[in-house]
Amino acid sequence: MVNAPVDVARLTAVDTARAARVLTEVREATLAGRRAPLPPRPVIEQSWGRVLRGGVDPDRGLSPEPLSAHDLGNRREASPLRPVLEELRRGLLTVADGAQHIMLVAEADGRVLWREGAAPVLRRADALGLETGADWSEGTVGTNGVGTPAVVGRPVQVFASEHFVRTHASWTCAGAPVTDPRNGRPIGVVDVSGPLETMHPATLAWVESVARLAEARLREMHLTELDRLRTVGVPVLTRLSGQALVVDRDGWSAAVTGMPYIRRVALPKSAAPGRRWLPGLGVCLLEPLAGGWLLRVAEQPGRTVVTRVLLDLSRPGRTTLTVVSETGTWTRELSPRHAELLYLLAEHRDGRGAAGLADDLFGDASRTVTVRAELSRIRRYLGGVLQHRPYRFSDGAEVEVVLPANPVDLLPRSLAPGVAVRRAMLAGGVRRADA
């Protein structure tokens, strides 16, 4: 009979000291290659595997220099989390201070930008190197509540010896990533950390709720910015004939004329004035506006002759799609769900129906509404590259998938059964028969 992973929340609710001892035994046995009394939680075991492959020292980690005061100040000014810092403080600091914890706000790369909380706990954090400007990415200090949530893209609580570095075993932290609602990209991590004896199992849910509130506030701010851009763009559009749009710097539409409303346009990564080919629109003339762009459609969109589609899954947490056609080349960073769907379609070149994709994604063939909605969003930027009935890449597309060096890093955040099966097949050295 296979033992279940450590139930940390249950153990700590009963006896924190005993939980710490059990987790220490699990860590020591696992890192020594021995059979542990209980297996670690999957998210922790996978993190330990990544860290071991990265060569982090389990006794002390790596010790890069913290940012200088000048560089720290520059990063704080440029941080997308700066506008919601007060919301984060209100949501986290009052409870953290009372519970003898500290609040941390870090960039997506693990650099700690802000740190506040109880003075005695701040002094203990100093001894661990958990200070402003410090690099707490998973690849530097191992499994922790800042770096690990940034890698897996979801909230994670790390208890005691679940930390990879031995000196962090007296600590507990709970972190949640924050994504930019404009483009879905990770922009940082919020974390609450403190001594193990002050830990509470509900901390993770609390931190996650604050992260979601910050995202909601950023979404409100984005809508306000679009309203401001609309007041600038509408008078410009009224003087034009033909098809044109006003979009912000991330391609979100503020106003449209001469054409059906398009919610978002896939802009080049480094947009510049001039003639550019845009997915779904064809060749457009880009002109700068305050806070965005005026897009004037120069050609009616037609069927794109695609020569190559490159789905790059080699970097965990950052999947990109590049399309090379006779009219230009463009690259788009994908959301986790779109990465799953496009990978599954790349594996089924003959096509896959909505029910089959629902089964691949959720293990439930009846969830076709969700699948069709997501594929509709994908087709807005892929245009003629993606066909339907069944869903598939167009016949003229040469599709290439770049896989990670280690099979366990194939879409590591994905819980989709279809992805999990392929991850296991790759780990066992098995390829599809039609590959």
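Taken together, the values in this text are just the output of simple stated rules run on the coordinates, not laboratory data. This is a predicted model, so every value here is computed, not measured. Positions of Cβ are backbone-derived with ideal geometry, glycine not excepted, and every protein chain shown enters the neighbour counts.
Sites listed here are trypsin sites (Lys or Arg not before Pro) in the range 341-431 whose DSSP assignment is loop and whose Cβ has at most 12 other Cβ atoms within 10 Å: 431. Shown here is the pair-distance distribution of the range 306-427: with all Cα-Cα distances grouped in 10 Å bins from zero up to the longest one, the shares run 13, 48, 34, 5 percent.
Once divided by 2.2 N^0.38 Å, the Cα radius of gyration of the chain becomes 1.08. Between 241, 190, 213, the Cα set farthest toward the positive side of the dipole of the range 165-248 (charges on each charged residue's Cβ, about the Cα centre) is that of 241. Computing FRET efficiency as 1/(1 + (r/R0)^6) for residue 38 and residue 289, where r is the C-beta to C-beta distance and R0 is 35 Å, gives about 0.05. Short-range pairs are left out: with C-alpha atoms under 8 Å and at least six residues apart, the relative contact order of the range 130-282 is 13 percent. The shape of the range 240-297 comes out rounded: with a ≥ b ≥ c from the C-alpha gyration tensor, a/c is under 1.5.
Remark: the range 162-170, residue by residue, has Karplus-estimated 3J(HN,Hα) of 5, 4, 6, 7, 4, 5, 8, 5, 8 Hz, where x stands for each Gly or Pro and the curve is 6.51 cos²θ - 1.76 cosθ + 1.60 at θ = phi - 60°. Ordering 132, 397, 330 by Cα displacement along the dipole of the chain toward the positive end leaves 397 in first place; charges were set at the Cβ atoms of Lys, Arg (+1) and Asp, Glu (-1). With a cut-off of 15 Å between beta carbons, the residues surrounding residue 167 carry a summed charge of -2, where Lys and Arg count +1 and Asp and Glu -1.
The trypsin sites (Lys or Arg not before Pro) of the range 18-93 meeting both criteria, a DSSP state outside H, G, I, E and B (loop) and at most 10 other C-beta atoms within 10 angstrom of the site's C-beta, are 34, 35. Centre-to-centre, using Cα atoms only, the range 156-182 and the range 231-267 are separated by 43 Å.
Over all directions, the projected convex hull of the C-alpha atoms in the range 8-219 averages 11.0 nm² in area. To the nearest ten degrees, helix 417-427 and the longest principal axis of the Cα atoms of the chain are 70 degrees apart.
Taking amide hydrogens as placed 1.01 Å from N in the peptide plane, the amide H of residue 131 sits under 5 Å from that of no residue at least 5 positions away in sequence or on another chain. Given +1 at the Cβ of Lys and Arg, -1 at the Cβ of Asp and Glu and no other charges, the dipole of the range 109-213 around its Cα centre is 140 debye to the nearest 20.
If you wrap the range 346-400 in the convex hull of its Cα atoms and look at it from every side, the mean projected area works out to 3.7 nm².
When the Cα atoms of the range 135-234 are aligned to their principal axes, the ranges along those axes come out at 59, 27, 17 Å in descending order. Of the chymotrypsin sites (Phe, Trp or Tyr not before Pro) found in the range 245-324, the ones in coil according to DSSP and having at most 14 other Cβ atoms within 10 Å of their Cβ are 261. With the simple model of a label 7 Å out from the Cα in the direction of the Cβ, residue 398 to residue 427 spans 3.4 nm.
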